[in-house]
Amino acid sequence: MPYSAPVVSRLAPTPSGYLHLGNAVNFLLTWLIVRRVYGVLHLRIDDLDRARLRPAYVENIFRTIEWLGIDYDHGPSGPEDFERNFSQLHHLAEYEDFLEALRQQSGLLYACCCSRTQVLAHSAGGVYSGSCQPQNLDFEAPETAWRAHVGASTVVNFTDLWLGPVAIELARDLGDFVVRKKDGLPAYQIGSVVDDVRLGVTLIVRGLDLLPSTAAQRWLAAQTPETAGFLQTRLVHHILLPAPDGGKLSKSQQQPLDRGIMAEAASPRPVFEAVASVLQLPSEAGRSLAALRSAFENAAIM
Ligand SMILES: [Zn+2]
């Protein structure tokens, strides 16, 4: 992976549950890649989903990082520091500016007053049909979400460092996605783009399940000059967990565990083993963090 500028990446958990094995694999992979190229790693907690946030989940993020034996260079030192200095609630004005810039572009956003039930009724294959789009509803009406109108033929192309060329049909895979929620808070895609731009992130390492989000974020970022730099960000999408036969796990096998990986596993070794497998390193590499790091640094990967 040749780099001309320092790599800046981030661990970007959401405190909406205890971190599961897939999250831990992502943390460790990101850390290995960043440390190998002497890059800079941020911890950036996405806490805009206020309804699902629990203090115990925030605490669990810090404890899991420590348990794995990894570190980061910038970000909150603990839950208190996070609330006081790093919560996304401190950056609402920046997200609002981005939303406003998007809204000023004719036809890009529209208001949607559908209830959860109506959204389901107006969805095919989990993708909202856009039934509110022609109605030009008032953006400021109460209980109204803002959606991005994705043209039917919108294809987002990028090159992933592992997957190679990727083409995502945004309308088919995500549809008209929410950019501002009914509670008035920016949606995940907005916070993620703005934060990555502010932190100067140059490399995003995330699970394959986030491919449609990556496409949505690149499409959004391309709409304003302030966020266009996001398109330069390099991308690595990885399988979340290796399956016993070396294939991909089914969706149900990737569900977060109720108690989280720290409570499920006696030691972080299953995480090391999973990462060794995802990286197709010899299984001995999974016996410790030091073994994993050394095997990865000597491997001809990336
Ligand atoms: Zn609607």
Legend entry - Tally of residues being in a helix (DSSP H, G or I) and either within 11 Å of the ligand (Cβ to nearest atom) or among the aliphatic types (A, V, I, L, M) (or both) across the range 117-134: 6
Legend entry - Criterion violated by E140 - all others in (1) touching a strand residue (DSSP E or B) at 6+ places or on another chain (Cβ under 7 Å); (2) of a type outside the set (F, W, Y); (3) within 16 Å of the ligand (Cβ to nearest atom); (4) not in a helix (DSSP H, G or I) satisfied: (1)
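Every residue, every condition in (1) more than 14 Å from the ligand (Cβ to nearest atom); (2) over 23 Å from L92 (Cβ atoms); (3) polar (S, T, N, Q); (4) not in a strand (DSSP E or B), yes or no:
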site: W146; (1), (2), (3), (4): no, no, no, no
site: F158; (1), (2), (3), (4): yes, yes, no, no
site: A167; (1), (2), (3), (4): yes, yes, no, no
site: R172; (1), (2), (3), (4): yes, yes, no, yes
site: D183; (1), (2), (3), (4): yes, no, no, yes
site: V194; (1), (2), (3), (4): yes, no, no, yes
site: V201; (1), (2), (3), (4): yes, no, no, yes
site: V205; (1), (2), (3), (4): yes, yes, no, no
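Each row is one residue, and each column tells you yes or no for (1) aliphatic (A, V, I, L, M); (2) open to solvent by less than 70 Å² (accessible area, probe 1.4 Å); (3) closer than 25 Å to R234 by Cα.
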| site | (1), (2), (3) |
| --- | --- |
| S106 | no, no, no |
| G130 | no, yes, no |
| P134 | no, no, no |
| A148 | yes, yes, yes |
| P165 | no, no, yes |
Legend entry - Failed condition for A93, given (1) open to solvent by less than 40 Å² (accessible area, probe 1.4 Å); (2) of a type outside the set (F, W, Y); (3) under 22 Å from the mean Cα position of the chain (by Cα): (1)
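Going by what's in this entry, would L41 be described as touching a helix residue (DSSP H, G or I) at 6+ places or on another chain (Cβ under 9 Å), assigned to a strand (DSSP E or B) and open to solvent by less than 50 Å² (accessible area, probe 1.4 Å)? Steps first, answer last, please.
Working: touching a helix residue (DSSP H, G or I) at 6+ places or on another chain (Cβ under 9 Å): yes; assigned to a strand (DSSP E or B): yes; open to solvent by less than 50 Å² (accessible area, probe 1.4 Å): yes.
Taking the combined requirement at face value, the residue satisfies it.
This table checks each residue for (1) touching a Cys at 6+ places or on another chain (Cβ under 6 Å); (2) at pLDDT below 95; (3) assigned to a helix (DSSP H, G or I).
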position	(1), (2), (3)
T224	no, no, no
L235	no, no, no
L240	no, yes, no
G246	no, yes, no
M262	no, yes, yes
A266	no, yes, no
A290	no, no, yes
R293	no, no, yes
I301	no, yes, no
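The values are calculated or read from the model by the stated rules, or taken from the named source; none is laboratory data. On a predicted model such as this, the values are computed, not experimentally measured, just so you know. A quick note on method: Cβ atoms are made from the backbone with ideal geometry, for glycine too, and the neighbour counts reach across all protein chains shown. Quick note on the areas: whole protein, heavy atoms, side chains included, nothing else; ligands and nucleic acids left out. Shrake-Rupley method; radii C 1.70, N 1.55, O 1.52, S 1.80 Å.
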